[in-house]
Amino acid sequence: MPSFKLTLGSTDIENDQAINIINIRPENNVSSVEFTINDYQSKSYIDLIDAFTSIDLSLKCKGGSYTKTFSGMVAPGYLKPAVTSEGEVLKVLAWGKGQAYAATHCSTSYGVESHNPTKDTAREIAQDLTDK
């Protein structure tokens, strides 16, 4: 199993078992990372993260070096802190750096996981792009 390093702003967190990470990398869309932190060791992760905090996720296989697999920022409105009897729990969604482009009218995606799944040849895609 690979090791991970999660960088929140300027703070590096390595292989913390309190963190559950899901790295979402769709075929034709912006990557995102969803993670949940259960602060069972009272490390107060809630104080480290706010909207627009930069986030990097890097993975390392045994004996290798870290490879960055995600770089982005916390999406506003997707930071969900809670205090429970088990301590602080924080749910976070971060969008990759392509989110600003995806929010414009210029971003048209193609492929099985897109809103244009039937356009799957170069001719159909080129024709669709020039018809607009």
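Structure values in brief
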| quantity | calculated |
| --- | --- |
| Which numbered condition ILE22 fails, given (1) under 30 Å from ASP120 (Cβ atoms); (2) surrounded by fewer than 15 Cβ atoms within 10 Å (Cβ to Cβ); (3) touching a Phe, Trp or Tyr at 6+ places or on another chain (Cβ under 8 Å); (4) modelled with pLDDT under 85 | (4) |
| Candidate set: region 63-110, residues that are modelled with pLDDT of 70 or more, of a type in the set (S, T, N, Q) and in a loop (DSSP other than H, G, I, E, B); chosen: the one surrounded by the fewest Cβ atoms within 10 Å (Cβ to Cβ) | SER85 |
| Subset of region 1-19 that is touching a Phe, Trp or Tyr at 6+ places or on another chain (Cβ under 7 Å) and assigned to a loop (DSSP other than H, G, I, E, B) - its residue that is surrounded by the most Cβ atoms within 10 Å (Cβ to Cβ) | ALA18 |
| Residue that is modelled with the highest pLDDT, among those in region 25-49 that are touching a strand residue (DSSP E or B) at 6+ places or on another chain (Cβ under 7 Å) and charged (D, E, K, R) | GLU34 |
| Considering residues of region 111-132 that are polar (S, T, N, Q) and modelled with pLDDT of 70 or more only, the residue nearest to the chain's Cα centre (by Cα) | THR118 |
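The values are calculated or read from the model by the stated rules, or taken from the named source; none is laboratory data. Here the structure is a predicted model, which means the values were calculated and not measured. FYI the Cβ positions are ideal-geometry reconstructions off the backbone, even for glycines, and counts take in every protein chain you see.
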